[in-house]
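Okay, structure first, notes after.
The values are calculated or read from the model by the stated rules, or taken from the named source; none is laboratory data. Just so you know, these numbers come straight off a predicted model, no measurement behind them. No Cβ is skipped: glycine too gets one built from the backbone with ideal geometry, and neighbour counts run over all protein chains shown. SASA here: full protein model, heavy atoms, side chains in, ligands and nucleic acids out. Shrake-Rupley method; radii C 1.70, N 1.55, O 1.52, S 1.80 Å.
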Amino acid sequence: TGGVGGSGGAGGAGAAGGIGAMLLAMGGAVESGIELVLALTGWTDAARTASVAVTGEGTVDLSSTEGKVVSGVLAAARPSQLPVVVFGGRVQPDGAAALRELGAVDVRPLSGRIADAADDLYALGVHMATRLLSTTQAAG
């Protein structure tokens, strides 16, 4: 009860200096970020025809399984059995293992250097294309 600025203790209301509490006090509503992003991007339609989903974050660790975009994409992909590849600038082994338990088919570390981001993502694309091609040829 109470909470910051009359937020009633809403989760996240105190984050970012209490901006959430301010927005709630002004009539805003709490909404799932991943659900909103999936709806705005047309996830359901895209997932029907996709071969793979790719998601990532700066550091893949155990917190990646706790309500972040990565875990949201894995949950959204599960009903259609869409394979998900996760990448991170840094990948901690326990986080990678936990994401594989949630259904990630691959968890790939990048260099972690901003200056190399374009090269890292190109290499990730080559890796994924090679893997998809070898899977398709093996099935076919």
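Could you please report the charge total around VAL86, scoring K, R as +1 and D, E as -1 over all other residues with beta-carbon less than 10 angstrom from its beta-carbon?
Computed value for this residue: 0.
Would you give the gap between the C-alpha center of the stretch 27-70 and the C-alpha center of the stretch 114-135, rounded to a whole Å?
21 Å
With the Cα gyration tensor of the chain in hand, give its eigenvalues times 5 under a square root as the equivalent ellipsoid semi-axes, listed largest first in whole angstrom.
Semi-axis lengths for the chain are 34, 18, 13 Å.
Quick one: putting +1 on the C-beta of Lys and Arg, -1 on the C-beta of Asp and Glu, what dipole do you get for the stretch 24-114 around its Cα centre, in Debye to the nearest 20?
For the stretch 24-114, the charge dipole is close to 260 debye.
Among SER71, LEU124, THR59, which residue has its Cα furthest toward the positive end of the charge dipole of the chain, with +1 on Lys/Arg Cβ and -1 on Asp/Glu Cβ?
Among SER71, LEU124, THR59, the one farthest towards the positive end of the dipole of the chain is LEU124.
Peptides 54-61, 106-113, 76-83, 40-47: what's the order by average Cβ count within 10 Å, highest mean first?
Taking the mean over residues of other Cβ atoms within 10 Å, the ranking is 54-61, 106-113, 76-83, 40-47.
Do you know the relative contact order of the chain, to the nearest whole percent, from alpha carbon pairs under 8 angstrom that are 6+ apart?
After rounding, I find 16 percent.
Return an integer: the convex hull volume of the alpha-carbon atoms of the stretch 76-140, in Å³ per residue.
Looking at the stretch 76-140, the number lands at 96 Å³ per residue.
May I ask you to give the percent of accessible area on the chain that is carbon plus sulfur, with a probe radius of 1.4 Å?
Of the solvent-accessible surface of the chain, carbon and sulfur hold 60 percent.
Among residues other than VAL52 whose Cβ falls under 13 Å from its Cβ, what is the net charge (Lys/Arg +1, Asp/Glu -1)?
Around VAL52, the charge tally is +1.
Give me the accessible area per residue for the chain, probe 1.4 Å, as a whole number in Å².
For the chain, the per-residue accessible area is 61 Å².
To one decimal place, what orientation-averaged projected area in nm² is obtained for the convex hull of the Cα set of the stretch 43-101?
3.7 nm²
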